[in-house]
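Participant: The structure under discussion is supplied below as structure tokens; questions concerning it will follow.
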Amino acid sequence: MRLFIIIIAMIFAIGGCKEEFPEAKDIKKQKGAVKTQPIPQQELPKTKVYGYVYDPEGKRDPFAPLIAITKEKAKKSEVIGTLEGYDIGDFKLIATAKKAGQYYGLLLTPDSKAYTVREGATIGLQKGTIKKITNNRVIIIEHSKDYEGKLKQREIVLELLKGEGE
């Protein structure tokens, strides 16, 4: 039964291919010479400009991010599990200690890992530096660029909660 259907379909397919279009017959009579006529060029209608025309020269791109993230910063932010893998605001100061005249701080990350830090250590996504550690606080200096690209210094203070460390 299937063979019969396939044979019938082939007969119709072959039979339908014998008829040619009149344009194809004319082309064959010309022995391969195809005459082409150039398409006339039409002038586009000139449009009138109404309203305000935006001139972007000397202006900031409104679709560009305000804070430029470089590839290095993007790679550093992907490294979670170190002091430079978290934002400074995510840390909590849980203890301070003094040994041989130098203070140390114990910081807790959002995933409950504790890190011991001392003055001069690099911390945070913006690579802030620990400036000073006292008996109840850690002072961090962070440099970041604003939307204009100017470098600004910011001081962040992490303090022990009341009742802790006393």
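The values are calculated or read from the model by the stated rules, or taken from the named source; none is laboratory data. It should be emphasised that the depicted structure is a prediction, and the values quoted were computed from it without experimental measurement. For neighbour counting, all protein chains shown are included, and Cβ atoms are generated from backbone atoms with ideal geometry for every residue, glycine included.
Participant: Tell me which residues, restricted to segment 109-156, are surrounded by 12 or more Cβ atoms within 10 Å (Cβ to Cβ) and among the aliphatic types (A, V, I, L, M).
Facilitator: Within segment 109-156, VAL117, ALA121, ILE123, LEU125, ILE130, ILE133, VAL138, ILE139, ILE140, ILE141, ILE156 meet the criteria.
Participant: Out of LYS150, LYS162, report the one residue that is modelled with pLDDT under 90 and more than 36 Å from the chain's Cα centre (by Cα).
Facilitator: Selected residue: LYS162, the only one of LYS150, LYS162 that is modelled with pLDDT under 90 and more than 36 Å from the chain's Cα centre (by Cα).
Participant: Here is a list: GLY15, GLY51, GLY58. Which entry is modelled with pLDDT under 75, exposed (fewer than 10 other Cβ atoms within 10 Å of the Cβ) and over 30 Å from ILE123 (Cβ atoms)?
Facilitator: The match here is GLY15.
Participant: Given segment 89-129, what strands (runs of 3 or more DSSP E) lie entirely inside it while holding 2 or more residues that are within 25 Å of HIS143 (Cβ to Cβ) and touching a residue at least 60 places away in the same chain (Cβ under 8 Å)?
Facilitator: In segment 89-129, 92-99 are the strands (runs of 3 or more DSSP E) which contain 2 or more residues that are within 25 Å of HIS143 (Cβ to Cβ) and touching a residue at least 60 places away in the same chain (Cβ under 8 Å).
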